Structure formats: C-alpha cells, structure tokens
Amino acid sequence: MSALPKRVLLAAPRGYCAGVDRAVEAVELALEQHGAPVYVRKQIVHNRHVVETLEERGAIFVDETDEVPPGALVVFSAHGVSPAVHAQAAARELRTIDATCPLVTKVHHEAKRFAREDYDILLVGHHGHEEVEGTAGEAPEHIQLVETAEDVANVTVRDPEKVIWLSQTTLSVDETMQTVHALRERFPALQNPPSDDICYATQNRQVAVKAMAAQCDLVLVVGSTNSSNSVRLVEVALQAGAGASYLIDYAREIDATWLDGVRTVGVTSGASVPEVLVRGVLDRLAEDGFGSVEEITTAEETLTFSLPRELRPSRASR
C-alpha cells in the first residue's frame, strides 16, 4: 500500500485583522507625513517582523513616554493605553496618534461605564499584557484581574449583586468561558459584557484551527512569542486534536525533525502576522514535498476600520 500523500491544510481566516492593519498603516503614514523619527510606545503590534521593518523605515520603539523627546510625535500601539499614559504624553507636550484598536477602545468604554455605575469589574486577561494594563488603568479602583479559573477563589467583591466581567480581546474563547463559568458559580448574579469582548478575529482564527486540527499531524502557527492570540492558536490546535503544534516567526525556524513521519501539516497565523511570512512557510514546506495546499475556510472577513483621526485627510485637502 502506498504512503498517504503529503499535504498542507491552510486555515482561513488567518493573519492580519482590521485593528492590526490600521495600526501598522498608522505608523507608515506618520512616517510619510511627518518624516523620521516617529516614536511608538511599545510594539505597535506583537510581531517581530513588522516591528523590525518599521524600525528600518525610521520608527523608534520605546517602552514609556518619558523616553520620547518633549514635543516629538508618538504613536500609541494597537493594544491601547491608560489615561495615565495620555496624561504623561500631554505633560511632555507630545504630539500623539492613537492607533488603539477600536475593539479595545470598546472595552475601555465598558470599563469606564461600569466603574461610573460603581460595579466591581472582573477583567479576564493576562497579567503584564499591554492591553490589560490599559483597560485596568481606566478604573483601577474598580477592576480586578482574573487570569484563570484557579484564581476565582481569591476574588473578593463588595456587592455580589453588582459584578460584571470584561476580557482582554485576544484570549482563548474556551478558556475564557471556563473562567467565567467558575466566576458565575461564586457570583451567580455576575453580568456579561454588553457585547462580546473577545474580538471577531481572535474567535475566527481559533474556529478555523479547530476545523482542521484533528486532521493534522502537525500545526505550524506563524506568530511571535509575545503575541497573545498567536500563542492561543497553538493551545487551541493541541486541544482540538493536532498531533503537535509549534509557534514560529519565520520559515527558517522549522525543525526538520518536526516533519518526520508527518503527512498533514496545518498552517495558520496570528492576527498581527503579514501574509508574506505564511508564504515563506508554504515555500519551505514545498521543499519537503508538501506541495499540495488546501485552504480550509470557516469565515469571510470584510471588516475595516478608518484611520486614527490625526491621520485622516483634512476636509480642506479633500
């Protein structure tokens, strides 16, 4: 009996989401309109290749606004910032472009609204992630971070009838709901967010991986180690039945031993990953006989976001 042919299952949707596309374009346009250097607080998106490419064009990435010279131009990353960061930038008279993803801004508005209404807000997310720091900074006296279902036992609230959960936008849907289930067991009156906080792109990429993982001996996720949604895709692939799964930034990171005895390789990419990196992986796999590529499509994405206000053409110049 002949061996099964080698093949690649390519997940769709994959790669850039609307918020990432907007943020990267914001830095590119800022460089075009204002010239280098353009400062960016934190990585504009969590992808090594994107950051290095923008650095070559004149972007300077800093950790905090106090590293930006007074009066200079700074872009805030897609992950959002707290009111304290906006205040620091104003104190240094920095010119700012806010590239926060509109879906993150939505969570900020929810946090402010429910803090005004004096709720205890339980924020499901990862400690130290920029998005969580920005959201929590909107109402630090009302917000508690809950990372996992195991943390639920340590949560204390003032009024168990007045509690709501919000979440980071890039989490595993399944894991988040496990945490929410544990929270609801402790606080039966726990309210849901007014609309889904985990973003459409995070959910769509996880659904696409689930659709193919059980058929895959190996799933390669293109993405950086500090990209929350990319790391989640590896976890989702393994939970959904993939034989193995690895996170890689570039095709050159593929270990030849990963392909030993493998017939079906799944390929996907995180929401901050340009398609050129996926094409590199497909070319590398083709060299090993994985020339047959079948796209597994579970959704069509058409959402786009308008540019940050500061970069839109003025009415006079239209």
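Data table
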quantity	calculated
Segment F305-D255, extension gain: residue separation times 0.36 nm, minus the distance between their alpha carbons	14.2 nm
Fluctuation leader among Q206, Q33, Q43 - the chain, Gaussian network, Cα springs under 10 angstrom	Q33
Sequence-distant lysines (8 or more away, or on other chains) whose Cα lies within less than 16 Å of K162	K112
Separation of the E275 and S314 label points, Cα + 7 Å toward Cβ, nm	3.6 nm
Distance-filtered residues of the range 112-147 - backbone nitrogen under 13 Å, label point 7 angstrom along K162 Cα→Cβ	114-121, 142
Estimated dipole of the range 1-71 in Debye, rounded to 20 [Cβ of Lys and Arg +1, of Asp and Glu -1, Cα centre]	680 debye
Local electrostatic count, K106, Cβ distance below 13 Å [Lys/Arg +1, Asp/Glu -1]	-3
Heavy-atom accessible surface of the chain: percent carbon and sulfur, 1.4 Å	50 percent
Whether the chain is rounded, prolate or oblate, judged on the alpha carbon gyration tensor where a/c under 1.5 counts as rounded	oblate
Calculated FRET efficiency for the pair A87/E141, C-beta based, R₀ 25 Å, to 0.05	0.90
Difference of contour (0.36 nm per residue) and Cα-Cα distance, H127 to Q178	16.6 nm
Top of T225, T302, T135 by mean-square fluctuation, Gaussian network on the chain, Cα under 10 Å	T302
Candidates A153, A59, A136: whichever shows maximal mean-square fluctuation once the chain is modelled as a Gaussian network with Cα springs under 10 Å	A153
Distance between modelled label sites at E55 and E150, nm, 7 Å Cα→Cβ extension	3.4 nm
Residue-wise HN-Hα coupling along the range 301-314, computed from phi with Karplus coefficients 6.51, -1.76, 1.60 (Hz; x: Gly, Pro)	10, 10, 5, 9, 10, 5, 5, x, 3, 5, 10, 6, x, 5
Per residue solvent-accessible surface (Å²) - the chain, probe of 1.4 Å	45 Å²
Sequence-distant residues sharing a close amide H with T96 (under 5 Å, placed H)	V74
Hydrodynamic radius by Kirkwood, which averages 1/r over all alpha carbon pairs of the range 162-318, in angstrom	17.7 Å
Average Cα contact separation per residue, the chain, under 8 Å, 6 or more apart, as relative contact order %	25 percent
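The values are calculated or read from the model by the stated rules, or taken from the named source; none is laboratory data. What you are looking at is a predicted structure, and each value in this text was computed from that prediction instead of being measured. Cβ sites come from the backbone with ideal geometry, for glycine too, and all protein chains shown count toward neighbours. We work out accessible area using only protein heavy atoms, side chains counted, and drop any ligands, DNA or RNA first. Shrake-Rupley method; radii C 1.70, N 1.55, O 1.52, S 1.80 Å.
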